[in-house]
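Enquirer: Got a structure for you, written out below as structure tokens; questions coming shortly.
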Amino acid sequence: SADLVETVVSLCERRGFVYPCGEIYGGTREAWDYGPLGVEMKENVKREWWRTVVQRRDDVVGIDSSVILPREVWQASGHVAALHDPLVECTSCHKRFRADQLVEEYAARTGLNVTEDRLGVVSCPNCGVRGQYTEPRAFTMMVKTHLGPVDSEEGMQYLRPETAQGIFVNFLNVLTTSRRRPPFGIGQIGKSFRNEITPGNFVFRTREFEQMEMAFFVEPGTDEKWHQYWIDERLRWYTDLGVNPANLRLHDHPREKLSHYSKRTVDIEYRFGFGGQEWAELEGIANRGDFDLTTHTNNSGVDLSYFEQSTNSRYRPFVIEPAVSVGRPMMAFLLDAYREDEAPNAKGGVDKRVVLSLDRRLAPVKAAVLPLSRNPDLTPKAREVAASLRQYWNVDFDDAGAIGRRYRRQDEIGTPFCVTVDFDSVYDHAVTVRERDSMAQARVSMDKLQGYLAAQLIG
Ligand code: ATP
């Protein structure tokens with residue numbers, strides 16, 4: 001619900017996952033900076049994607065291409081042309097439409113004719129909300145900059161609005177140097193930029209964002225099968241990392257609303273629960289056909305096709321492309337992990353506790369070492385334990401305040417294990433390990449501690 005979003009956003013700001021960008025200058029709620037916990041979690045999200053989609057597979061390799069590509073790339077890809085029409089954007093679901101098409105569609109649907117300046121009566125074909133449009137504007141979604149000593153038109157360059165084009169223009173390079181053949185994929189993680197008219201909903205929609213994209217090249221005719229394969233794989237990634245399947249659903253784009261390059265697109269939607277809009281796109285999985293390799297072949301004069309020796313035939317592979325930002329899954333993981341329950345307190349009663357039940361692979365801090373109290377015997381011992389675990393994981397040390405409060409602080413940021421060093425530790429060389437969700441405690445000898453945690457922090 002909208003309340004949950006608000007609660008989680010405020011937790012993120014309070015605990016240093018995410019800060020409003022430029023806050024001391026008044027800030028804006030349109031761009032966000034990741035703090036100490038946020039950057040750890042974001043790296044974990046990216047690592048999990050990279051491992052699943054690239055490293056653990058024999059048929060996918062990675063690249064890291066430039067943010068600024070030759071201008072011809074964006075002409076060929078259709079981004080420059082497709083993004084220059086006068087558009088209006090529905091401020092509720094953020095879909096963009098050409099004003100004339102909206103009016104035409106409205107007339108076809110209702111039999112009523114309206115003029116383009118009366119869009120106030122037209123409901124959105126995507127979300128159904130009535131009359132919530134921005135002014136029609138000829139704008140490009142591409143963010144521009146200038147290279148070279150003068151700000152001339154000649155030096156104007158686009159920042160990429162997607163990472164995928166860097167993959168397509170390197171198709172032949174990767175094909176020849178990595179000795180792969182279809183079906184095979186190229187994955188990439190990097191920043192993209194879009195001049196969104198209405199950024200918002202926390203990190204859901206920003207003008208600068210990181211994307212995780214993979215183009216999987218297949219023989220035409222096998223594309224539909226591979227498309228389904230990647231839809232299933234990508235759904236599994238979310239549920240495997242702990243997202244409740246009831247909060248995920250698929251949305252097949254109707255044919256008439258497909259992007260210029262797409263043969264079929266299926267979105268994975270998550271129940272973000274923003275005010276006014278329950279479900280929203282988490283990730284898009286497109287069957288781009290041979291649009292990209294064909295257009296780059298025609299525009300560059302370099303034949304981006306594949307020669308299959310066994311059949312002595314040449315074909316232009318079709319592309320299946322799962323594409324997602326880093327921020328949207330991160331937000332979904334946080335919303336899904338948020339719980340409120342009760343924990344026993346020192347007075348024999350119970351306290352409310354907030355816990356982020358994040359998958360251990362995603363948790364920003366893997367373990368916190370806590371001396372039972374701040375004390376000349378316990379504190380140095382606990383610091384030693386923390387230092388040794390830090391060789392392997394991001395580990396916190398905290399000796400300020402009552403032990404119960406320190407547990408609460410760790411629960412709230414999703415730390416899977418708290419390691420308590422108490423007065424017995426000095427004699428028995430053992431510590432108490434408390435697990436976040438069950439709050440179950442185990443006594444573990446110090447020389448076995450690293451192995452004990454490693455066994456439970458796989459990944
Ligand atoms: P939307 O309809 O939400 O604007 P889109 O359909 O334009 O998204 P794609 O072009 O398919 O998005 O981009 C692929 C993925 O990149 C999206 O599923 C989303 O995860 C992410 N993404 C796109 N635009 C943004 C943005 N402005 N901020 C954050 N993430 C974005």
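Enquirer: Condition (residue is touching a Gly at 6+ places or on another chain (Cβ under 8 Å) and not in a strand (DSSP E or B)) applied to region 340-351: is it met by at least one residue?
Expert: yes
Enquirer: Same structure, new question: Anything in region 227-257 that is closer than 30 Å to residue 307 by Cα and open to solvent by less than 40 Å² (accessible area, probe 1.4 Å)? List them, or say none.
Expert: Correct list: 227, 230, 231, 233, 234.
Enquirer: Quick one: how many residues across region 223-256 are in contact (Cβ under 8 Å) with a residue 40 or more places away in the chain and part of a loop (DSSP other than H, G, I, E, B)?
Expert: Total satisfying the criteria: 4.
Enquirer: Still on this model: Within region 269-280, count every residue that is touching a residue at least 40 places away in the same chain (Cβ under 8 Å) and within 14 Å of the ligand (Cβ to nearest atom).
Expert: So the answer is 5.
Enquirer: What number of residues within region 416-459 satisfy the criterion of being in a helix (DSSP H, G or I) and either open to solvent by 60 Å² or more (accessible area, probe 1.4 Å) or closer than 18 Å to residue 403 by Cβ (or both)? Write out each step before concluding.
Expert: Keep residues of region 416-459 that are in a helix (DSSP H, G or I), which gives 425-428, 446-456.
Filter once more, so that each one left must be either open to solvent by 60 Å² or more (accessible area, probe 1.4 Å) or closer than 18 Å to residue 403 by Cβ (or both): 425-428, 447-448, 450, 452, 455.
Looking only at that region, the number is 9.
Enquirer: Given the conditions (1) open to solvent by less than 40 Å² (accessible area, probe 1.4 Å); (2) more than 13 Å from the ligand (Cβ to nearest atom); (3) assigned to a loop (DSSP other than H, G, I, E, B); (4) within 24 Å of residue 39 (Cα to Cα), which single one is not true for residue 187?
Expert: Unmet condition: (3).
Enquirer: Consider residue 302 against the criteria (1) of a type outside the set (Lys, Arg); (2) farther than 17 Å from residue 222 by Cα; (3) open to solvent by less than 10 Å² (accessible area, probe 1.4 Å): it satisfies all of them except one. Which criterion is unmet?
Expert: (3)
Enquirer: Could you list, ordered by first residue, the pairs with Cβ atoms under 6 Å in which the first is in region 201-217 and within 27 Å of residue 289 (Cβ to Cβ) and touching a residue at least 24 places away in the same chain (Cβ under 8 Å) and the second is more than 8 Å from the ligand (Cβ to nearest atom) and among the basic types (Lys, Arg), at least 6 apart or interchain?
Expert: 210/191
Enquirer: I'm checking my understanding of the structure. Among residues of region 376-391 that are more than 32 Å from the chain's Cα centre (by Cα) and free of Cβ contacts under 8 Å to residues at least 40 places away in the same chain, which one is surrounded by the fewest Cβ atoms within 10 Å (Cβ to Cβ)?
Expert: 376
Enquirer: Answer yes or no as to whether residue 161 is in contact (Cβ under 8 Å) with a residue 24 or more places away in the chain and near the ligand (Cβ under 9 Å from one of its atoms).
Expert: For residue 161, the condition - in contact (Cβ under 8 Å) with a residue 24 or more places away in the chain and near the ligand (Cβ under 9 Å from one of its atoms) - is met.
Enquirer: When you go through 272, 333 one by one, which is the residue that is part of a loop (DSSP other than H, G, I, E, B) and buried (at least 21 other Cβ atoms within 10 Å of the Cβ)?
Expert: Step by step, each of 272, 333 is checked, and only 272 is part of a loop (DSSP other than H, G, I, E, B) and buried (at least 21 other Cβ atoms within 10 Å of the Cβ).
Conditions (1) of a type in the set (S, T, N, Q); (2) away from the ligand (no atom under 15 Å from the Cβ), marked per residue:
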site	(1), (2)
282	no, no
288	no, no
296	no, yes
300	yes, yes
306	no, yes
310	yes, yes
317	no, yes
332	no, no
336	no, yes
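Enquirer: Do you know which residues across region 319-330 are open to solvent by 10 Å² or more (accessible area, probe 1.4 Å) and either away from the ligand (no atom under 16 Å from the Cβ) or in a strand (DSSP E or B) (or both)?
Expert: Within region 319-330, 323, 325 meet the criteria.
Enquirer: So residue 456 passes all but one of these: (1) closer than 11 Å to residue 385 by Cβ; (2) under 28 Å from the mean Cα position of the chain (by Cα); (3) among the polar types (S, T, N, Q). Which condition number does it fail?
Expert: Checking residue 456 against (1) closer than 11 Å to residue 385 by Cβ; (2) under 28 Å from the mean Cα position of the chain (by Cα); (3) among the polar types (S, T, N, Q), the one that fails is (1).
Enquirer: Is there a residue in region 199-220 that is more than 13 Å from the ligand (Cβ to nearest atom) and open to solvent by 40 Å² or more (accessible area, probe 1.4 Å)?
Expert: Taking every residue of region 199-220 in turn, at least one turns out to be more than 13 Å from the ligand (Cβ to nearest atom) and open to solvent by 40 Å² or more (accessible area, probe 1.4 Å).
Enquirer: Working only within region 96-109, note down all residues that are part of a helix (DSSP H, G or I) and open to solvent by 60 Å² or more (accessible area, probe 1.4 Å).
Expert: Step one: filter region 96-109 for residues part of a helix (DSSP H, G or I), giving 99-109.
Residues satisfying the conditions are 101, 104, 105, 108, 109.
Enquirer: Let me ask something else. What residue, of 345, 394, is modelled with pLDDT of 95 or more, of a type in the set (S, T, N, Q) and open to solvent by 30 Å² or more (accessible area, probe 1.4 Å)?
Expert: Selected residue: 394, the only one of 345, 394 that is modelled with pLDDT of 95 or more, of a type in the set (S, T, N, Q) and open to solvent by 30 Å² or more (accessible area, probe 1.4 Å).
The values are calculated or read from the model by the stated rules, or taken from the named source; none is laboratory data. These numbers come from a predicted model, not from an experiment. We place every Cβ from the backbone using ideal geometry, glycine too, and count neighbours over all the protein chains shown. Side chains are part of the model used for accessible areas, which takes the heavy atoms of the whole protein and leaves out ligands, DNA and RNA. Shrake-Rupley method; radii C 1.70, N 1.55, O 1.52, S 1.80 Å.
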